[in-house]
1. Being within 15 Å of GLU110 (Cβ to Cβ) and not hydrophobic (A, V, I, L, M, F, W, C) is the filter here, so list the residues in the range 50-64 that pass it.
2. List the residue pairs whose Cβ atoms are under 9 Å apart, where the first residue sits in the range 76-90 and is under 14 Å from LYS33 (Cα atoms) and open to solvent by 20 Å² or more (accessible area, probe 1.4 Å), the second is assigned to a helix (DSSP H, G or I) and of a type outside the set (A, V, I, L, M), and the two are 6 or more positions apart or on different chains.
3. Out of the residues in the range 63-113 that are assigned to a loop (DSSP other than H, G, I, E, B) and of a type in the set (S, T, N, Q), which is farthest from SER19 (Cα to Cα)?
4. Does SER103 fit the bill of being of a type outside the set (Val, Ile, Thr), more than 9 Å from the chain's Cα centre (by Cα) and within 17 Å of SER44 (Cβ to Cβ)?
5. Looking at the range 29-68, which of its residues are farther than 21 Å from LYS87 by Cβ and open to solvent by 60 Å² or more (accessible area, probe 1.4 Å)?
6. Restricting to the range 1-28, and then to whatever is modelled with pLDDT under 95 and among the small types (Gly, Ala, Ser), can you tell me which residue is surrounded by the fewest Cβ atoms within 10 Å (Cβ to Cβ)?
7. List every residue pair whose Cβ atoms sit under 6 Å apart, with the two residues 6 or more apart in sequence or on different chains, where the first one lies in the range 19-46 and is within 15 Å of MET100 (Cα to Cα) and the second, anywhere, is among the aromatic types (Phe, Trp, Tyr) and part of a strand (DSSP E or B).
8. Can you confirm whether the range 93-101 contains a residue that is open to solvent by 40 Å² or more (accessible area, probe 1.4 Å), among the hydroxyl-bearing types (Ser, Thr, Tyr) and touching a strand residue (DSSP E or B) at 6+ places or on another chain (Cβ under 9 Å)?
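The values are calculated or read from the model by the stated rules, or taken from the named source; none is laboratory data. No experiment lies behind these values; they were computed from the predicted model shown. Backbone-built Cβ (ideal geometry, glycine too); neighbour counts: all protein chains shown. Note: areas computed on protein heavy atoms with side chains; ligands, DNA, RNA excluded. Shrake-Rupley method; radii C 1.70, N 1.55, O 1.52, S 1.80 Å.
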Amino acid sequence: MSQVQNGAEFEGISVHNFSEKILEQVVHFHVMKLSGGFFLWVGSAPVLSNLAVSMSSRYDLMPLSTLVMGDPSNTAPNSLAQRLAKKTKKQVFVSYSLPMTDSSLGLLVENRIKKELELHPEHF
């Protein structure tokens, strides 16, 4: 549903949830579609341990990305936000609350997000 304010059209926030068992672990995905972007939370337990934001820049081919909160040694949220911003051309907020014990988990999680983007682009 959209509405017009001061001559500009704004869409309301919509929420999309999905889950998948990846490497014997149930991973939950929560997407909040925002005006001009989206927030993506990925995790196995209800924890917001970090938050990164990324957006395109006219000065660089790679989107800008920064960690808003969390452990700066964990690059997963920044990297994922940057790749999703490049793919979608939108501002992306990412919270990635999965353990970094298995590098293949991150790749499988990202592939699952890409699959959901293809199946349901209206939610991103």
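1. Answer for the range 50-64, where residues must be within 15 Å of GLU110 (Cβ to Cβ) and not hydrophobic (A, V, I, L, M, F, W, C): just SER54.
2. Here the result reads THR88/PRO121, each pair linking the range 76-90 to a residue that is assigned to a helix (DSSP H, G or I) and of a type outside the set (A, V, I, L, M).
3. Going through the range 63-113, the residues assigned to a loop (DSSP other than H, G, I, E, B) turn out to be 70-75, 89-90, 98-102.
Add one more test, that the residue is of a type in the set (S, T, N, Q), and what stays is 73-75, 101.
Values: SER73: 27, ASN74: 23, THR75: 23, THR101: 20 Å.
Ranking the candidates gives SER73 first.
4. Values: of a type outside the set (Val, Ile, Thr): yes; more than 9 Å from the chain's Cα centre (by Cα): yes; within 17 Å of SER44 (Cβ to Cβ): yes.
Yes, satisfied.
5. PRO46, VAL47, LEU48
6. The selected residue is GLY7.
7. Cβ pairs passing all conditions: VAL42/PHE29; VAL42/TYR96.
8. no
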